[in-house]
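Sharing a structure with you now.
The values are calculated or read from the model by the stated rules, or taken from the named source; none is laboratory data. For clarity, every value in this text was computed on a predicted model and none was experimentally measured. With ideal geometry, Cβ positions are generated from the backbone for all residues, glycine too; neighbour counts draw on all protein chains shown. To get the accessible areas, we keep the full protein, side chains included, count just its heavy atoms, and leave off ligands, DNA and RNA. Shrake-Rupley method; radii C 1.70, N 1.55, O 1.52, S 1.80 Å.
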Amino acid sequence: MSKLSEKTKLWIKAAGVRAVKTVAQSAIGVIGAAAAMGEVNWPMVASAAALAGIISLLTSVTGLPEVKAQTEQ
């Protein structure tokens, strides 16, 4: 089994951090909007947050500035 390169490890960490932040931000937004309408639909919150996390990871495939900056040092 081959080892992951340092750049790959940095990418996984940076993409994971971004995805977790995006999931939290999306959940907060959906909970706030749903609460304003009267009732929080938890499956909808989970679905929207998970989708946001997936989109974040897919967007990170195009590149992460923080990984590029760290590998250029």
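Yes or no: Thr22 at pLDDT 95 or above and hydroxyl-bearing (Ser, Thr, Tyr)?
For Thr22, the condition - at pLDDT 95 or above and hydroxyl-bearing (Ser, Thr, Tyr) - is met.
If I filter the stretch 2-22 for residues that are surrounded by 13 or more Cβ atoms within 10 Å (Cβ to Cβ), without any contact (Cβ under 8 Å) to a residue 60 or more places away in the chain and touching a Gly at 6+ places or on another chain (Cβ under 7 Å), do I get at least one hit?
yes
Then there is this: Being assigned to a loop (DSSP other than H, G, I, E, B) and closer than 25 Å to Glu66 by Cα narrows it down to one residue among Lys7, Lys3, Lys21; which is it?
It is Lys3.
Taking the residues in the stretch 50-66 that are in a helix (DSSP H, G or I) and open to solvent by less than 40 Å² (accessible area, probe 1.4 Å) as candidates, determine which candidate is modelled with the lowest pLDDT.
Ser60
Further, regarding this structure: Specify which of the listed residues (Ala33, Ala27, Ala15) is part of a helix (DSSP H, G or I) and modelled with pLDDT of 95 or more.
Ala27
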